[in-house]
Structure formats: structure tokens, C-alpha cells
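The values are calculated or read from the model by the stated rules, or taken from the named source; none is laboratory data. Owing to the predicted nature of the structure, the values given are computational and were not obtained by experimental measurement. Ideal geometry is used to build each Cβ from the backbone, glycine not excepted, and the neighbour counts take in all protein chains shown.
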Amino acid sequence: MSESEHRSGFACFVGRPNAGKSTLTNALVGSKVAITSSKPQTTRHAIRGIVHRDDAQLIIVDTPGLHRPRTLLGERLNDVVRATWSEVDVVGFCVPADEKVGPGDRFIAQELSKIARRTPVLGIVTKTDLVGKEQVAKQLLALQDVMDFADLVPVSAVESYQVDTLADLLVTHLPEGPELYPDGDLTDEPEQTLVAELIREAALEGVRDELPHSIAVTIEEMFPREGRDDLVDIYAHLYVERTSQRGIVLGHRGGRLKDVGARARQQIEALLGSKVYLDLHVKVAKDWQRDPRQLRRLGF
């Protein structure tokens, strides 16, 4: 194949929090590059996943859910979304099949209409495995009324339904060009960022609803153990905003934190391909979501 026939470029998924963007990114890449959770606003960074094909290289940027912000963190997450979609070649607007098209979706459509003249926008109905065909058809019609799309496609990342079709549609909107990343790379995220995200994902499982936005993770140290090429030592801090939240994350006699560590270690070992010693500590950073200095320190 000549270089001129090969396409390469960037796509991003946008949508309300918990619209299935990260699960869809992982399904297209064929590996876990973005963390997922039933909790809204799980994604906090623009994570890039790389899809390698004979005819194209598609880089998918998974963004936080666009929402009406209540904190400085929320404002910065929205800034990440808008900065991302202003730089990509094609945008996928995700709306779940099992929820009515609402004000949040219309708010996003209004924002997207500002870039739609120069950047094609695809309408994607996600989570089609949760409803019947009739509901999927209704949702496609409802989405059609929200804005003019370059294409409309229903998908299920869980059942791999039309995931390849979506990839084909995204690729048609990419410019011709060579590969942008080496063959075999699945993401350009530093390993420490991915490790911190996997710890946060494990911490999100089973905590009360008020906690997801209050948890941040930093990797303090990460290095191969001296004299061992099969073991990586990782020292990480989980930050919460209040002392009461620290108790929730720790659990009775530290039981919940141990569970978090066990879940995270399993995922990190799969990512790094080696055994891991994981040392977790829970710290309080009072109201960090509203404090510019603490947000900077935590990587936002």
C-alpha cells in the first residue's frame, strides 16, 4: 500500500459523564487504556488510545464528560474537553441508548455546533446491549433531532456490536498520511499516569456516591526492586478532601484499602507484565478540587 492511501489522525469521543466513552475507547483499541466506572466523571485526563490498521492509524482521545461545573476541577475538565475537540479530525458524540436525550446532551450539541463546520461530528448511540431494537431506533431518531451529524451509528462496546463499523466511519474522516506512532503502541500515556488511574479506578469501586470526585492519586515512587527484574515497587498516595472520607476509603481496620490495593495490583501487573509491590497511603488535601495550588500539585 502506498503512503498516500494510508490515513492517520485523531478522533475524540464527547458526551455527558458516564455515556460509555471510555469503554468504547478500550473496545476500539482492543486493550485497556482508559479506566471505566459506573460513577460519573471518572475520566479526568485526555487519554490517547491507538488503533493500528493496515489502511490507517486512528488515535482516539478519550475525554472527561462535559458537564456544568461546580468546582475549579470541573471547569478545568471542561477546558480539557474543548481544547481536545478543537484539535482533532473527527468527533464522536456519545449518547447512551438507555437514557433519554436530555438538556445535558443539547448543551453539548450546542457547543459542538460551533466546530461542526470545520470538524465532522458523528452521532453514536452507545450501550445498545441494554435495550431492545425498538428503543435503539427511537434513540437514533431523537439524536437526529439534536443536530446535523456526518453519520449516525448505534454500538455496543460490551458485545462488540458495530465497533468495527464505527472505526471504519471514523477513518473515512482522517487525512491521508503515515503512521504517527510506532506499530504496537497502544497509548502514549506515561506508565505512571496509567498506574495512578488504575489505582483510582479500584478506589472508585464500592465507595459511596459522594467520593468519586474527591479522590485523586499520585505516584510518589515507582522503580524496579534492586536485584529483581521481575518486581516493581510502587508507592502511591490517595488524596481525599475530608477526614471523614479518609475513613470511608480505609474501611474497617483498613479492610477497604486492602481490597483497593489487591484490585489495583492485579490490573497494574497486567499492564506492566511483572509482579508489583504496591504501597498505598490515604491522605487528606482539604477541598483540593477548589484550590488552584493543590490542583496543580495533583496534576490538574
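Looking at Gly184, Gly206, just one residue is modelled with pLDDT under 90, surrounded by fewer than 17 Cβ atoms within 10 Å (Cβ to Cβ) and assigned by TED's automatic domain parsing to the domain that holds Val282, and that residue is Gly206. Regarding segment 140-158, can at least one residue be identified that is in contact (Cβ under 8 Å) with a residue 24 or more places away in the chain and either assigned to a helix (DSSP H, G or I) or not assigned by TED's automatic domain parsing to the domain that holds Gly20 (or both)? Within segment 140-158, one or more residues are in contact (Cβ under 8 Å) with a residue 24 or more places away in the chain and either assigned to a helix (DSSP H, G or I) or not assigned by TED's automatic domain parsing to the domain that holds Gly20 (or both).
Taking segment 275-290 as the range and being surrounded by 14 or more Cβ atoms within 10 Å (Cβ to Cβ) and more than 16 Å from Val217 (Cα to Cα) as the test, the residues that pass are Val276, Arg290.
Please verify whether Val153 is under 22 Å from the mean Cα position of the chain (by Cα), β-branched (Val, Ile, Thr) and surrounded by 18 or more Cβ atoms within 10 Å (Cβ to Cβ), treating the condition exactly as stated. Yes.
Looking across segment 210-263, the residues that are in contact (Cβ under 8 Å) with a residue 24 or more places away in the chain and polar (S, T, N, Q) come down to Ser214, Thr218, Thr243, Gln245. Within segment 160-181, the presence of at least one residue that is in a helix (DSSP H, G or I), among the hydrophobic types (A, V, I, L, M, F, W, C), modelled with pLDDT of 90 or more and surrounded by 21 or more Cβ atoms within 10 Å (Cβ to Cβ) is confirmed. Before we move on, is Lys258 farther than 15 Å from Leu198 by Cα, more than 21 Å from the chain's Cα centre (by Cα) and in the same structural domain as Leu204 (by TED's automatic domain parsing)? Criteria not met by Lys258.
Per this entry, Val136 is counted among residues that are in a helix (DSSP H, G or I) and of a type in the set (Val, Ile, Thr).
When segment 143-155 is filtered for residues that are of a type in the set (Gly, Ala, Ser) and at pLDDT 95 or above, nothing remains.
I'd like to check something: does segment 286-300 contain any residue that is out of contact with any helix residue (DSSP H, G or I) (no Cβ under 7 Å at 6 or more places or on another chain), farther than 24 Å from Asn78 by Cβ and among the basic types (Lys, Arg)? Looking through segment 286-300, none of the residues is out of contact with any helix residue (DSSP H, G or I) (no Cβ under 7 Å at 6 or more places or on another chain), farther than 24 Å from Asn78 by Cβ and among the basic types (Lys, Arg).
Of the residues making up segment 228-265, those that are surrounded by 13 or more Cβ atoms within 10 Å (Cβ to Cβ), part of a helix (DSSP H, G or I) and of a type outside the set (Lys, Arg) number 11.
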